[in-house]
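Below: one structure, written as structure tokens.
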Amino acid sequence: MMARIDHGVTTGTFSLDGQTFDVDNNVWVVGDDTACVVIDAPHSVDDILALVGDRTVIALVCTHAHDDHVRVAPDLARATGAPILLHPADAPVWALTHPGVTPDADLADGQQIAVGDTSLTVLHTPGHSPGSVSLYAPDLGVVFTGDTLFQGGPGATGRSFSDADLIVDSVRRRLFTLPDDTIVHTGHGPSTTIGAEAAALGR
């Protein structure tokens, strides 16, 4: 059964280093009519379940552990029975939001997450946070970048656990090597393409 991508936007806050900001987060659901993977769990279980519908959620994949991306992850996992997957380098960031709770399994660079007739390849793209990952589906022509790459360039650094040089290196080595027509589905804001961002930043 052909895989599709469902998209929604949820509204809430992002808090780190003693500051809080209002944010809109993208939610991406990849799968077919029977099963799906949810990418990130911001703000509202009900909003995410509306995208899922009556499908089985086989995994909740966290692009990174900032609170606006994982705030409702434990609640969503309980509601769906799906495991929470997070790169282990983001464990200290996760603990800021969910102390005493651990994700169900680790993400690893190169890991394949199969759903429907497609597969998401995990690309470790640190910099925005130590365990940030992007998820590449070549047959769909898309990469889900979380907060690693946006329309307009790499994600924010300058806060705890972030590294400006590292995120640029991740973008250039791991993302700008993808085909130029690859659609970039981001954690916030509009989508873009690898080619557009590579032209702006330079490979």
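Please treat every number below as a calculation from the coordinates, not as lab data. Being a predicted model, the structure only gives us computed values, none of them experimental. We place every Cβ from the backbone using ideal geometry, glycine too, and count neighbours over all the protein chains shown.
How much length is gained if the chain between D163 and R203 is pulled fully straight, taking 0.36 nm per residue apart and subtracting their Cα-Cα distance, in nm to one decimal? Write out the running numbers ahead of the final one.
Working: separation 40, 0.36 × 40 = 14.40 nm, distance 1.87 nm.
Gain in length upon complete extension: 12.5 nm.
Relative contact order of the stretch 147-203: what whole-number percent is it, with Cα pairs under 8 angstrom and at least 6 residues apart? Relative contact order comes out at 39 percent.
Distance between the pseudo-spin-label points of V101 and M2 (7 Å out from Cα toward the beta carbon): 3.7 nm. Rounded, prolate or oblate: pick one for the stretch 122-203, where a ≥ b ≥ c are the square roots of the eigenvalues of its C-alpha gyration tensor, a/c under 1.5 means rounded, and failing that, prolate if a/b is larger than b/c, else oblate. Taking the square roots of the gyration eigenvalues as a ≥ b ≥ c, the stretch 122-203 is prolate.
In debye, nearest 20: dipole of the chain around its Cα centre with unit charges on the Cβ of K, R (+) and D, E (-)?
300 debye
Size descriptors for the chain: radius of gyration and Dmax over Cα atoms are 15.5, 46 Å.
Counting only helical runs of four or more DSSP H residues, what would the 222 nm mean residue ellipticity of the chain come to if each run contributes -39,500 (n - 2.57) and the total is spread over all its residues?
About -5000 deg cm²/dmol.
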